[in-house]
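Novice: Sharing a structure with you now.
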Amino acid sequence: MHSAGDKPRHTGLFQGVDGFIRHLASEKRLSPLTCEHYQRDLLRLQRWLRECYQQHPIDQFQEPSEARWQNLSSHDIRRYVAHLSRMGLNGRSIARHLSAIRRFYHYLLREGLAENSPAEGIRAPKSGRRLPVVADVDQLTHLLDAQADDPLELRDVCIFELLYSAGLRLAEVAALDLGTVDLAAAQVKVTGKANKQRVLPVGRPALAALQAWLAVRPELAGAGQQALFVSRRGDRLSHRSIQVRLARWGLVKGADQKLHPHMLRHSFASHLLESSGDLRAVQELLGHADIATTQVYTHLNFQHLARVYDQSHPRAKRRRINHE
């Protein structure tokens, strides 16, 4: 509940949000998944504003369906941040919401639909940095080497090999077309965030999995279908289907943790950095615009080294015993 002295100054719907999403898709050329995330975050703010209006109707403002964005203040945004925090969102998630609001207001300012951005200068609360979860090398080898029994499983193994072999994002592997894979050159062309393309090497096991899948793909693919990975209906395989199939594969093959596509990407980055120590190369392979994003894997690498030290160094063993 909100106190009488804590009423929101703005309670309206998102006038201009449809145009904003079209702007992101056509002018900024963001992926459909990224546009969906922006829309979802903005709609969450809309629902909160509606709830505020229903609890404390304000006579001097119009009904939510007609109100305008000029009335939203930085105080309202701070209250919204506090609301998200009470709902259990961490600092990183709240920062994403604030980024969506700021970008939306930049669009509104450009279109003359707002006079200022109330989210400028507002920061999300800090939260502990959560390290990516990675799978053990031996476990991944066991899972990826498991026998595929039908065309759908051959497809799944091929997807999983590419996720781990090339460090692809879920959206990237789902968007692959037949022409993006060059078997002779052992490489794949990927379209990542902000429509940026990169060409990545593909390892021998992934190439073998690709050849096995391409041999049976005609049994499933619809006429003229260019998607590399198709469903049993012959159309492009959805993001959700890939997530479900990977989790199922891990369960059936005896994985000791739930598998998901980003875990394979994290494992690719962590294992590569652990072996090479070349942070810049890992950044390029992952398609990170900022190396600071890649540096999270150095923390994982340090954890690995610390475990080796604790297990191997005689003074580390003695110290651990003394602390027990």
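The values are calculated or read from the model by the stated rules, or taken from the named source; none is laboratory data. Computed from a predicted structure; not experimentally measured. Glycine also receives a Cβ, built like all others from the backbone with ideal geometry; neighbour counts cover every protein chain displayed.
Novice: Looking at segment 243-281, which of the residues that are assigned to a helix (DSSP H, G or I), outside the structural domain of GLY192 (by TED's automatic domain parsing) and without any contact (Cβ under 8 Å) to a residue 40 or more places away in the chain is farthest from LEU140 (Cα to Cα)?
Specialist: ARG280
Novice: Out of ASP256, ASP310, ASP290, ASP278, which single residue is under 17 Å from LEU144 (Cα atoms) and modelled with pLDDT under 85?
Specialist: Numbers: ASP310 fails: under 17 Å from LEU144 (Cα atoms); ASP290 fails: under 17 Å from LEU144 (Cα atoms); ASP278 fails: under 17 Å from LEU144 (Cα atoms).
Answer to the selection: ASP256.
Novice: For segment 107-121, name all the residues that are free of Cβ contacts under 8 Å to residues at least 60 places away in the same chain and surrounded by 16 or more Cβ atoms within 10 Å (Cβ to Cβ). Full working, then the answer.
Specialist: Kept after step one, since they are free of Cβ contacts under 8 Å to residues at least 60 places away in the same chain, are these residues of segment 107-121: 109-110, 112, 114-121.
Passing the criteria: ALA114, SER117, PRO118, ALA119.
Novice: Ok, one more. What single numbered condition from (1) buried (at least 17 other Cβ atoms within 10 Å of the Cβ); (2) at pLDDT below 90 fails to hold for ASN195?
Specialist: (1)
Novice: Does ARG169 satisfy the criteria of being assigned by TED's automatic domain parsing to the domain that holds ARG233 and of a type in the set (Lys, Arg)? First the steps, then the outcome.
Specialist: Numbers: assigned by TED's automatic domain parsing to the domain that holds ARG233: yes; of a type in the set (Lys, Arg): yes.
Here the answer is yes, as ARG169 does meet what is asked.
Novice: Here are the criteria: (1) outside any helix (DSSP H, G or I); (2) modelled with pLDDT under 70; (3) out of contact with any Lys or Arg (no Cβ under 9 Å at 6 or more places or on another chain). Tell me which single one GLY88 does not satisfy.
Specialist: So the condition that GLY88 fails would be (2).
Novice: Only one of these is assigned to a loop (DSSP other than H, G, I, E, B), hydrophobic (A, V, I, L, M, F, W, C) and in contact (Cβ under 8 Å) with a residue 40 or more places away in the chain: LEU168, LEU162, LEU200, LEU210. Name it. Spell out how you get there, then give the answer.
Specialist: Values: LEU162 fails: assigned to a loop (DSSP other than H, G, I, E, B); LEU200 fails: assigned to a loop (DSSP other than H, G, I, E, B); LEU210 fails: assigned to a loop (DSSP other than H, G, I, E, B).
Residue meeting the stated conditions: LEU168.
Condition check ((1) closer than 28 Å to VAL173 by Cβ; (2) among the polar types (S, T, N, Q); (3) outside any helix (DSSP H, G or I); (4) at pLDDT below 85) across all residues:
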residue	(1), (2), (3), (4)
PRO8	no, no, yes, yes
GLY19	no, no, no, no
ARG22	yes, no, no, no
ARG29	yes, no, yes, no
GLU36	yes, no, no, no
ARG40	yes, no, no, no
LEU43	yes, no, no, no
TYR53	no, no, no, yes
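Novice: Another question, then. Report, by residue number, each residue of segment 213-229 that is surrounded by fewer than 18 Cβ atoms within 10 Å (Cβ to Cβ) and under 18 Å from PHE160 (Cα atoms).
Specialist: First, the residues of segment 213-229 that are surrounded by fewer than 18 Cβ atoms within 10 Å (Cβ to Cβ): 214-216, 218-219, 222-226.
Of everything in segment 213-229, those that are surrounded by fewer than 18 Cβ atoms within 10 Å (Cβ to Cβ) and under 18 Å from PHE160 (Cα atoms) turn out to be LEU214, ALA215, VAL216.
Novice: Another question about this same structure. Determine which member of the set ALA166, ALA206, ALA186, ALA212 is among the hydrophobic types (A, V, I, L, M, F, W, C) and under 21 Å from the mean Cα position of the chain (by Cα).
Specialist: The conditions single out ALA166.
Novice: Continuing with the same structure: Residues to consider are ALA124, ALA148; find the one that is surrounded by fewer than 19 Cβ atoms within 10 Å (Cβ to Cβ) and among the aliphatic types (A, V, I, L, M). Write out each step before concluding.
Specialist: Numbers: ALA124 fails: surrounded by fewer than 19 Cβ atoms within 10 Å (Cβ to Cβ).
When all the criteria are applied, what remains is ALA148.
Novice: From ALA175, ALA194, ALA206, grab the single residue that is farther than 21 Å from LEU273 by Cα and in contact with a strand residue (DSSP E or B) (Cβ under 9 Å, 6 or more places away or on another chain).
Specialist: On the way: ALA194 fails: in contact with a strand residue (DSSP E or B) (Cβ under 9 Å, 6 or more places away or on another chain); ALA206 fails: farther than 21 Å from LEU273 by Cα.
After applying the criteria, what remains is ALA175.
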